[in-house]
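Heads up, the thing below is written out as structure tokens.
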Amino acid sequence: MMNKYESFSNVAVIGLGKIGLTLAAVFANNGYKVFGADKNKDVINSINQGVSHIKNEPGLDQLVLNAHEEGCLWATDSNSEAVSQSNIIVVIVPVLVNEVNDIDYQYIDSAVQDIANGIKKGSLVIFETTLPPGDTQNRFGKKIEELSGFIMGEDFYLAYSPERVYSNRIIQDLQNYPKIIGAFNNKSLELASNFYKKALNCELIEVGSMETAEFSKVAECVYRDVNIALANELAKFAEEKNVNISEVIEASNSQPYSQIHSPGIGVGGHCIPIYPYFFINKGLNKGLTPLSRKINDSMASYAISKIEKRINSLKNKNVLIMGLSYRENVKEPTKSTTLLLINQLREKNVNIFINDPLFTDAEISNYGATPLSIKDKMILEIDVIIIQSFHKEYNDINFKDFTNCQLIFDGRNKLNQEEIKQLGIQYERIGGI
């Protein structure tokens, strides 16, 4: 069945996570036959039944169902099979950092080897995974050449176009954000641009090289990390001067050239805590970029120190962290500040509880904390609450039910501090007075 379609209308999407599946579904709804590949057999089975395994992504369920019913989207656990059926290959396999912040290529290296084993002459390979500058050509393009025997720019074409989307609004962002494209040569750029014009129907920004496109995506993340670090530094100084940083930021940002971000208990997710190391580990190891990483990762410790100043010792206290996810309304624990809080609180002999409506009790337990429902009578024994990610479900919490709570640390500046104080509970945050 797979071979009955003309190959130039076929696209392989390697990696069917949140972004990969959304890309595959959008491509399939815009006139392409899409062969998605992922190593998770449960993911494959779900997609081949027309069901998205990704939740909380508006519009994705319907796109996957539509593509399935139209016979335009199939999934396989073989990267090579998907590649062999296609002439356009889009790679969205994660590159992460390990525990000591060295770049971890294991997943994408394996995928590239599969691509080289399945690639056909004349194919276009586009990397969307965020990468250190130079990797598309020097690490992956050359590996495909080595394993396939094809010549880059002649037998296969190569481009880089970074994903630039935000969880819970990926489809919207794909339409609204310009698509940056860099390519190995003019033919590669022409093929990639023509593909994205049809596949996404969005504005394109063609840049002079793949390295420029790679650099631009990492630079976006470094900018945000540095800006947040600045906000955190200003917030701490504002506390010393008895100034409310939220008012400062609102006032300052009324001038269009001021765009100070919000301070907070930490920075998490797949992007901001990870991608700056793509520069740091390639030589940018002095200056604002590494310093910002240190500042933002120190905010969990700073928050704990502020709590201890208010209630003295945390030893044997019952502390509830609200939110395992790195941010609100997303089920994603990668680099979550909660993980830093768990490690540091454990060293202080704290009884750690976590509530997160997006995770099961078993999933929470895997992170070394006790899951706690807001309806559990154990909330009567909680001494301290730390707001780490403020999910929409938390809007309806009545904190007066926490009758033993001494302090709420509002790590995301979401609560009305006067209302908390009226309950007889101390209130603390980053940059507050």
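The values are calculated or read from the model by the stated rules, or taken from the named source; none is laboratory data. Bear in mind that the values here come from a model prediction, so they are computed numbers and not experimental data. Neighbour counts run over all protein chains shown; Cβ positions are idealised from the backbone, glycine included.
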**Study point:** Leading residue by the ranking (farthest from Lys392 (Cα to Cα)) among those in the range 44-54 that are of a type in the set (Val, Ile, Thr) and surrounded by 15 or more Cβ atoms within 10 Å (Cβ to Cβ)
**Key:** Ile44
Review point. Can you pull out the helices (runs of 4 or more DSSP H) entirely within the range 166-261 that have at least 1 residues that are among the β-branched types (Val, Ile, Thr)?
Key: 170-176, 210-240, 245-252
Study note, to complete from the structure: Here the qualifying pairs (Cβ atoms under 7 Å; residues six or more apart or on different chains; first in the range 304-327 and among the acidic types (Asp, Glu); second at pLDDT 95 or above) come out as Glu308/Leu314
Check your understanding: Consider Glu57 against the criteria (1) in contact (Cβ under 8 Å) with a residue 40 or more places away in the chain; (2) buried (at least 24 other Cβ atoms within 10 Å of the Cβ): it satisfies all of them except one. Which criterion is unmet?
Key -> (2)
Point to revise | Residues that are within 22 Å of Val51 (Cβ to Cβ), hydrophobic (A, V, I, L, M, F, W, C) and either touching a strand residue (DSSP E or B) at 6+ places or on another chain (Cβ under 6 Å) or surrounded by fewer than 17 Cβ atoms within 10 Å (Cβ to Cβ) (or both), drawn from the range 67-92 | key: Ala67, Cys72, Leu73, Trp74, Ala75, Ala82, Val90
Exercise for review: Would you check if Ile260 is farther than 24 Å from Tyr157 by Cβ and buried (at least 21 other Cβ atoms within 10 Å of the Cβ)?
Suggested key: no
Study note, to complete from the structure: In the range 407-429, anything part of a loop (DSSP other than H, G, I, E, B) and touching a strand residue (DSSP E or B) at 6+ places or on another chain (Cβ under 6 Å) is listed as Gly411, Arg412, Asn413, Ile425
Practice item. Just give me the residues in the range 136-149 being touching a helix residue (DSSP H, G or I) at 6+ places or on another chain (Cβ under 7 Å) and surrounded by 17 or more Cβ atoms within 10 Å (Cβ to Cβ), in sequence order. Key: Thr136, Gln137, Phe140, Ile144, Ser148
Exercise for review: Can you give me the number of residues within the range 82-120 that are part of a loop (DSSP other than H, G, I, E, B) and polar (S, T, N, Q)?
Suggested key: 5
Practice item. Kindly list the number of the only condition in (1) more than 25 Å from the chain's Cα centre (by Cα); (2) among the acidic types (Asp, Glu); (3) surrounded by fewer than 16 Cβ atoms within 10 Å (Cβ to Cβ) that fails for Asp109. Key: (1)
Practice item. Would you check which residues across the range 278-289 are surrounded by fewer than 17 Cβ atoms within 10 Å (Cβ to Cβ) and either outside any loop (DSSP other than H, G, I, E, B) or not polar (S, T, N, Q) (or both) and list them? Key: Lys282, Gly283, Leu284, Lys286, Gly287, Leu288
Exercise for review: State whether the residues of the range 262-277 include one that is of a type outside the set (Asp, Glu), outside any loop (DSSP other than H, G, I, E, B) and modelled with pLDDT of 95 or more.
Suggested key: yes
Review point. Within the range 290-315, can you find the residues that are crowded, with 23+ Cβ neighbours inside 10 Å and more than 25 Å from Ile352 (Cβ to Cβ)?
Key: Ser292
